[in-house]
Amino acid sequence: MIQIEKLRKVYRDRGRAVTAVDDVDLTVADGEVFGVLGRSGAGKSTLLRCVNLLERPDSGRVTVAGQDLLALSGGELRRARQRIGMIHQHFGLLSSRTVAGNVAFPLEVMGVPRAERGERVAELLDLVGLADHAGAHPAQISGGQKQRVGIARALAGRPKVLLSDEATSALDPETTASILALLRDLNRRLGLTVLLITHEMEVVKRICDSVAIMRDGRITEAGPVRDLLTAPGSELARDLFPLPAHAPRPGSTVVDVTFEGDSADRPFVSALAREFGIDVNILGGAVEEVGGARVGRLRVELPGGPEENAARLAHLRAQGLTVEVAP
Ligand SMILES: Nc1ncnc2c1ncn2[C@@H]1O[C@H](COP(=O)(O)OP(=O)(O)O)[C@@H](O)[C@H]1O
Ligand SMILES: [Mg+2]
């Protein structure tokens, strides 16, 4: 488990202070893929770098696998860091070394004996699907393959936790999908806890169990993805399902309906129209696949004001749908 408490990091630059991480609390459960989603400059990289103390926070506490990292001595911290792998947007490979040589590098630093090293490198390359490219140099492989080398290298110390800083941001959509699938697979097979930061909704949709939204150094919303998508007022739901603007007409009520799981398979619009004998006007909406399940959001216009619609909204809610009257 990763626990971040009251974390704060301020950069001071020629008399100017930038609070990059502002009083952040975050809990990542063992074995989950947790995403921090936010725009550039939100403080995501700083937050991530505080989790392995590449960046020293000004205050707060970081606990990884039960260890309070800020309380560790130099040697203890080095050992704790070996159990925290990290991958980056620009891979950071050594161009003069082969693929195998890049993966061997952290093992050399850890003092793993040469004989053992060869075996471990082969095992790691196999794990990321690069067994056939051991002798290639970084310049000879694709971006996706470079990131696979980065992942193999990050797993060298048999970490329990993997940190990912925009690992797919430099990749095309298809390669992104294959790298995300690999991360999900490693998460399941190795029981790896993954904390990733991204500005891409696609990453959240594909592999995150939980997500936190970060803005101006603060977490504005956090929780399991499926819960957030059906929570009234959720920023994640708004971002994932942008709905067209509407000009409310007098005598009608505009309602946003979010559906997921079983409720996604029921024709609730036609059922509502039939049940109450009304016309339902669909203004917009979308259905997305999130974590392998269908989730959707629809904006509809119902005749009549709020009082007239109370029973109709209750009828929708009784079916497990999330219903919000549009502002
Ligand atoms: N080493 C640094 N020195 C001064 N300011 C920094 C440094 N690193 C980041 N910042 C500032 O901190 C804020 C958060 O940056 P960062 O953590 O990189 O955000 P993100 O990864 O979400 O784009 C930004 O305003 C950035 O300019
Ligand atoms: Mg960043």
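The values are calculated or read from the model by the stated rules, or taken from the named source; none is laboratory data. A quick note: this is a predicted structure, and the numbers were derived from the prediction, not measured. Note that each Cβ is placed from the backbone with ideal geometry, even for glycine, and that neighbours are counted across all protein chains shown.
Side notes on the structure shown:
- Any hit, segment 112-120, residues being outside any helix (DSSP H, G or I) and either of a type in the set (A, V, I, L, M) or surrounded by fewer than 20 Cβ atoms within 10 Å (Cβ to Cβ) (or both): yes
- Of the residues L93, L47, the single one that is in contact (Cβ under 8 Å) with a residue 24 or more places away in the chain and under 18 Å from M1 (Cα atoms) is L47.
- When segment 90-109 is limited to residues that are crowded, with 18+ Cβ neighbours inside 10 Å and under 27 Å from H199 (Cα atoms), the one that is nearest to ligand 1 (Cβ to nearest atom) turns out to be F91.
- Here segment 79-103 is the region considered, the condition is being in contact with a Leu (Cβ under 9 Å, 6 or more places away or on another chain) and assigned to a helix (DSSP H, G or I), and the residue that is nearest to G43 (Cα to Cα) is R81.
- Neighbours by Cβ (under 8 Å, 6+ apart or cross-chain): first from segment 270-297, touching a residue at least 60 places away in the same chain (Cβ under 8 Å); second among the aromatic types (F, W, Y): E288/F241; V295/F259; R297/F241; R297/F259
- Selection within segment 1-35 - β-branched (V, I, T) and free of Cβ contacts under 8 Å to residues at least 60 places away in the same chain: I4, V10, V18, T27
- Of the listed requirements (1) under 28 Å from C208 (Cα atoms); (2) at pLDDT 90 or above; (3) charged (D, E, K, R), D262 misses just one: (2).
- Residues of segment 153-183 satisfying the condition of being assigned to a helix (DSSP H, G or I), within 21 Å of S45 (Cα to Cα) and touching a residue at least 40 places away in the same chain (Cβ under 8 Å): R153, A154, L183
- Residues that are within 10 Å of ligand 1 (Cβ to nearest atom), touching a Lys or Arg at 6+ places or on another chain (Cβ under 7 Å) and not hydrophobic (A, V, I, L, M, F, W, C) within segment 23-58 comprise G38, T46, E55, listed in sequence order.
- Comparison of L236, L228, L183 shows that the only residue that is of a type outside the set (V, I, T), modelled with pLDDT of 95 or more and crowded, with 20+ Cβ neighbours inside 10 Å is L183.
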